[in-house]
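Below is one structure; the comments refer to it alone.
A short reminder: the numbers here are calculations on the coordinates, not readings from a lab. Quick caveat, the model's predicted, so the values are computed rather than measured. Here Cβ is always computed from backbone atoms with ideal geometry, including for glycine, and neighbour counts include all displayed protein chains.
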Amino acid sequence: MTDIETVRRYDDAVFSARDVETGYGDLQVLYGVDIDVQDDEIVLVFGPNGAGKSTLMRALFKQLPLWAGTIEIDGEDYSGLEANQMVSHGVAYVPQTSNVFPNLTVAENLDIGSIHARDADDRRQRMFDLFPRLEERRGQDADTLSGGERQMLAMARALMPDPDVLLIDEPSAGLAPQLIERTFDHVDQIRQTGTAVLMVEQNVDAALDVTDRAYALDMGENKFEADAETIRNSERVRDLYLGK
């Protein structure tokens, strides 16, 4: 039986956090968190409200300073990078809110995302192939899109530079129930294109359908880590976090 309480470290990870601590002002939120994302893997972070999940994502993308710990990309320490340098080192981020430019068109949003792209035209077409609805809406302002379409645009804009790792915070937040499965299908398609994904998500059951491994975060600390099937079938995890 898999030991879900031992948080393993993966030496071959494409993206890693080691012993990360951070917070806001004098308030510490994270206490020595470890995260690994391997190549072409979807990794889920879940836990109760206030566990520090969104804080973790902001820290991993260097939008918050690290108080302690390191961030590693392909085994090299990049803890000193600024947020605006992460994209050029293969890491992109989709925050939960304010993740598109509402007064710009779909095409203009993608153009902004193409600043670090090697072949902007090719990448734009790849995004339209991945999200056909965006091609239909390419001339529309982002603030006229539905919630699902805005989430597609946010992911597509982040994917324009062809990152190795995509960090996504709550991809299904605010979406109608019938759109949630489609959103996670898109996350799976992103992985199939060669981009590993680390996502925070409250809809754990739906997210586990496309997840390879998952971490439970609680009170700013790692509690459990295992493959998706083990997490889903753990009575202890269900009692504590899934309500079933």
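In table form, for the structure just shown:
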{"read-out": "Pair Gln189, Met219: separation of 7 Å Cα→Cβ label points (nm)", "value": "4.2"}
{"read-out": "Amide proton proximity set for Val29, modelled H, under 5 Å, gap of 5+", "value": "Thr22, Gly23, Tyr24"}
{"read-out": "Exposure proxy order (Cβ contacts within 10 Å, fewest to most) of Glu136, Glu72, Glu149", "value": "Glu136, Glu72, Glu149"}
{"read-out": "DSSP beta bridges in the chain [antiparallel fraction, %, rounded to 5]", "value": "55"}
{"read-out": "For the chain, calculated [θ]222 nm from helices alone, where every DSSP H run of n ≥ 4 adds -39500 (n - 2.57)", "value": "-8500 deg cm²/dmol"}
{"read-out": "Helix 120-130 vs. the chain, principal-axis angle (Cα, 0 to 90°, nearest 10)", "value": "70"}
{"read-out": "Normalised contact order of the range 1-134, rounded percent, pairs of Cα under 8 Å and 6 or more residues apart", "value": "21"}
{"read-out": "Near-label residues of the range 23-63 by backbone N, under 14 Å of a point 7 Å along Cα→Cβ of Glu72", "value": "34-39"}
{"read-out": "Built amide H within the under 5 Å cut-off of Ala226, gap 5+", "value": "Ala214"}
{"read-out": "Cβ-derived FRET efficiency at R0 45 Å, Asn103 paired with Glu229, nearest 0.05", "value": "0.55"}
{"read-out": "Pairwise FRET efficiency - Asp209 versus Asp122, Cβ, R0 = 22 Å, nearest 0.05", "value": "0.10"}
{"read-out": "Cβ-based exposure ranking for Val7, Val165, in which fewest neighbours within 10 Å come first", "value": "Val7, Val165"}
{"read-out": "Hydrodynamic radius (Kirkwood) for the chain, which is based on Cα pairs only, to one decimal in Å", "value": "18.2"}
{"read-out": "Karplus 3J(HN,Hα) series, Hz, for the range 170-178 with 6.51 cos²θ - 1.76 cosθ + 1.60 (x for Gly, Pro)", "value": "6, x, 9, 4, x, 8, 5, x, 6"}
{"read-out": "The chain - percent relative contact order, Cα under 8 Å, separation 6 or more", "value": "29"}
{"read-out": "On Cα atoms only, tilt of 147-159 relative to the major axis of the chain in degrees", "value": "90"}
{"read-out": "Charge dipole magnitude, Cβ of K and R +1, D and E -1 - the chain, Cα centre, debye nearest 20", "value": "680"}
{"read-out": "Phe128, Phe46, Phe15, Phe184 arranged by Cβ crowding within 10 Å, fewest neighbours leading", "value": "Phe128, Phe184, Phe46, Phe15"}
